[in-house]
Amino acid sequence: MIKVPTLDGINPEEKRKEIQTYFQYCYKRYESLFNIVKHEQAYFNKADPLRHPIIFYYGHTATFFINKFKLAKMIDTRINPHLESIFAVGVDEMSWDDLNQKHYTWPTLKETQDYRNKVYTLVNEVIATLPLELPITQDSPWWVVMMGIEHENIHLETSSVLIRQLPFNDIQEDKNWLECNIFDKVSENVLLPVPAGTVSLGKHKDAKLFGWDNEYGEHQVHIPEFKAAKYLTSNAEYLAFVTDKGYENDIFWCTEGKAWKAYTDARNPLFWHKKETGFYLRTLSREIPLPLTWPVEVNHLEAAAFCKWKSMKENTKITLPTEDEYVRLRDESGVMTYLEWSAKEENIANINLERYASSVPVNTYKHGKFYDIIGNVWQWSRTPIYPFEGFKVHPIYDDFTVPTFDGKHNLINGGSWVSCGNLATQNSRYGFRRHFYQHAGFRYVQSNYEENIVTNIYNTDTVISQYCHFGWGENTLGVENYPATCARLALEYMKDKPKRKALDIGCAIGRSTFELARGFDTVIGVDFSARFVQEAQVLKENAVLRYTMPTEGELENFHEVNLSKFDLDNERTKVSFWQADACNLKPIYKDFDLIFGGNLIDRLYDPKKFLESVGERLSDKGILILTSPYTWQEESTPKEKWIGGYKKDGENVSTLQGLEEILGKEFTLLDTQNIPFVIQETARKHQYTIAHMTVWQKK
């Protein structure tokens, strides 16, 4: 079985070949999973109402390579901008995700497969020609290559969960994806002591294996002695909870769990199907009598309810482990690290697709005194995912983890039978919503340990804080708030024109979006950064946003934005926020009476492409307003893509001239004016800038 390439080595060409083999294997393995999907129509059915159809996920992993290669300036041209828009953004049940199927015209399976084939060829060409220096570091383009491969490994697992939910007439068996046929006898679960000890989490930047942003940093804590279950909780053990009417008795369920039960009418785990002869288990492609010795697969809410039930039954404190307790248990078990076990021939766990395409009995793989410390199914923890000390986002995928730092996503540990690549490593950290289904179960512990993890309600990210303050902070140096001023002027330019729908491109934290909603029936704010969109969505949902701003050195001030203080509380129902690429917008963005692009065009990777397509998104006589200080920079826009700020044939070409040349055929320039703005860095350091506003009307 192929393993994750290390980032170090002495021979770049051997490493190139190793990574290319890894890419080819993972890419084709992902495609082989979809052999279980029986016919084309099944690709367009929703396995889960809160997920896209299967066709999206089949195209999404290929598009990820193109979008990230483009962002990292590793390629100049897209393969198919239309498909790369449709397949761009997945779903984590964030409220800004657009799941209205009327907004999507999905491509055919053949079109999607043809696209995947072209991406396969392109990525192979990039790997074959990209200069390679060892070791591979986070600022290397090869890091982006590894990012694309490991992203596909994530979707190998999540797509297998969705395929497992498709109706039987949509699937077929495949010889490469057959489940275990071993059922064995039920082993009684017992609690075994885990001695006290100190755990250290977090990867160093020089680690030998690729990792996602949340894996890096430092975290150390002393864990007191506790007891942990010898085995993962089996179907047999969980069946006792079900037959004891555990789902009917609300006393075992938290508020969130009761709401989930009411929404789903759940009476047993998702993959259990009750028949006259008893419970059956849905595997990837079959339904088999419930294997009592296999680990149960549940969401976090169900696992926590079981622990509450068992606590009351045994008059003791049974709970899910924290992340720290899981690591302490892993250390105590002596289970080998990824690099140790991947170097050996023997299979040490049901992980990495090394044996079956399903779970196996919980008494199969022994690790010290315990079983299944890694593999078989993921193990829910009671720890909400949080950043380690020193956490930094990667600029090419800045929204991989940050949207999950909301206290609503809990960590799962240990990996499952289909966890491959990074997911199988000991440093992997993945957080999912508590009602989310993965191939996940749990191991319970007896513990009084209180985890000292605080979800900080104040956003301390420097970039986010600056934009929060830029959008919602008080007037600084006597300069009026910039996004509010732009929105006010935009409404004045609209005068008696229809104000049905407006688009705010590059909305950042949403101030201009909310301000435009004072006059428009509907305003859609979009931004390339999901982190910005996340904060704007917090305001829409809660009407309150909190952040910190540095004053001097380590000192900082705390700020709170409350929409009611801006008289914008009623506008919450009129705004929506989506993540989007201004240069590759989906077809759904159309029929706007106003499009506002604040400080946008000199930060786009292809501003001409955006400008040439913006007219088709406006209604007749619609208004386009652009503002920008015209600070062209090659790190944002390749120089050959600048629309101004350069010399041509010895003559100066201004950005306004470039705008007139591109927009002149379709638009009339109505007005221009200068608008100053200030960005505060600390209490005594500010950036003062003057932006140029141009107002255009569609002919």
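Miscellaneous remarks
- Dividing the alpha-carbon radius of gyration of the stretch 139-289 by the rule-of-thumb value 2.2 N^0.38 Å gives 1.42.
- Across the stretch 409-415, coupling constants 3J(HN,Hα) worked out from phi with the 6.51/-1.76/1.60 Karplus curve, θ = phi - 60°, read 10, 9, 6, 10, 10, x, x Hz, and Gly and Pro carry x.
- Dividing the radius of gyration of the alpha carbons in the stretch 191-446 by their Kirkwood radius gives 0.95 for Rg/Rh.
- The stretch 525-584, relative contact order in percent, only Cα pairs under 8 angstrom and at least six apart counted: 46 percent
- Value of relative contact order over the chain, rounded to a whole percent, pairs C-alpha under 8 Å and six or more apart: 11 percent
- Low-density loop positions, chymotrypsin sites (Phe, Trp or Tyr not before Pro), the stretch 449-529 - DSSP coil, at most 11 other Cβ in 10 Å: none
- Whole-number D in µm² s⁻¹ for the stretch 462-698, Kirkwood Cα-pair radius fed into Stokes-Einstein, 10 °C, 1.306 mPa s: 87 µm²/s
- Euclidean distance of C-alpha centroids, the stretch 634-669 and the stretch 1-70, integer Å: 39 Å
- Once the Cα atoms are used to define both axes, helix 109-129 deviates from the longest principal axis of the chain by about 80 degrees.
- In loop segments of the stretch 552-583 as defined by DSSP, the GluC sites (Glu not before Pro) with at most 15 further C-beta atoms inside 10 Å of their C-beta are E554.
- Equivalent ellipsoid, the stretch 102-226 (semi-axes from 5 times Cα gyration tensor eigenvalues, Å): 36, 31, 14
- For Y280, nonlocal amide neighbours, meaning residues 5 or more places apart or on other chains whose placed amide H falls under 5 Å from its own, are H273, K274, K275, L290.
- Amide H to amide H distances under 5 Å link G622 with K698, where only residues 5 or more positions off or on other chains count and H is placed in the peptide plane.
- Sparse packing (at most 16 other Cβ atoms within 10 Å of the Cβ) combined with a DSSP loop state is found for the following GluC sites (Glu not before Pro) in the stretch 188-243: E188, E225.
- Reachable aspartates and glutamates, given that their alpha-carbon falls under 12 Å from the alpha-carbon of K258 and they are not under 8 places away in the same chain: E248, D250, E302
- Database remark: amide H of G415 closer than 5 angstrom to the amide H of G375, Q379 (H placed geometrically; neighbours at sequence offset of 5 or more, or on other chains; Pro and chain starts carry no H).
- Cα convex hull, the stretch 420-571: 204 Å³ per residue, rounded to a whole number.
- Each label point was placed 7 Å from the Cα along the Cα-to-Cβ direction; for E133 and Q113 their separation is 4.3 nm.
- Taking the Kirkwood radius as Rh and the Cα radius of gyration as Rg, the stretch 12-170 has a ratio of Rg/Rh equal to 0.98.
- Rounded to 5, the percent of DSSP beta bridges in the stretch 191-446 classed as antiparallel: 90 percent
- Three-way shape label, the stretch 547-596, alpha-carbon gyration tensor, a/c 1.5: oblate
- With the convex hull drawn around the C-alpha atoms of the stretch 352-433, the volume per residue stands at 122 Å³.
- Antiparallel bridge percentage (DSSP; both residues within the chain; nearest 5): 75 percent
- Distance from the Cα centroid of the stretch 285-363 to that of the stretch 102-165 is 29 Å (rounded to whole angstrom).
- Cα-based helix-to-principal-axis angle, 255-264 vs the chain, degrees rounded to 10: 90 degrees
- Relative to the longest principal axis of the Cα atoms of the chain, helix 323-333 runs at roughly 40 degrees.
- Annotation: peptides 154-167, 21-34, 295-308, ranked by per-residue average of other Cβ atoms within 10 Å with the highest first, follow the order 295-308, 154-167, 21-34.
- Cα gyration tensor shape for the stretch 226-308, rounded if a/c is under 1.5, else prolate or oblate: oblate
- Shape call, the stretch 630-699: gyration tensor on alpha carbons, a/c limit 1.5: oblate
- If you take the Cα centroid of the stretch 392-455 and the Cα centroid of the stretch 496-566, the two points sit 29 Å apart.
- Across the stretch 499-512, coupling constants 3J(HN,Hα) worked out from phi with the 6.51/-1.76/1.60 Karplus curve, θ = phi - 60°, read 10, 7, 8, 10, 10, 10, 8, x, 6, 6, 8, x, 4, 5 Hz, and Gly and Pro carry x.
- Evaluated with a Cβ-only charge set (Lys, Arg +1; Asp, Glu -1), the chain carries a dipole of roughly 1280 debye about its Cα centre, given to the nearest 20.
- Here the Karplus relation 6.51 cos²θ - 1.76 cosθ + 1.60, evaluated at θ = phi - 60°, turns the backbone of the stretch 584-597 into coupling constants of 8, 5, 5, x, 5, 7, 7, 6, 9, 7, 9, 10, 10, x Hz, with x for every Gly and Pro.
- Using C-alpha pairs under 8 Å with a sequence gap of at least 6, the mean separation divided by the residue count of the stretch 191-446 gives a relative contact order of 28 percent.
Where a number appears in this text, it was derived from the coordinates with a stated rule and is not lab data. Predicted, not measured: the structure shown is a model, and the values here were computed from it. In this analysis, Cβ positions are derived from the backbone assuming ideal geometry, glycine residues included, and neighbour counts consider all displayed protein chains.
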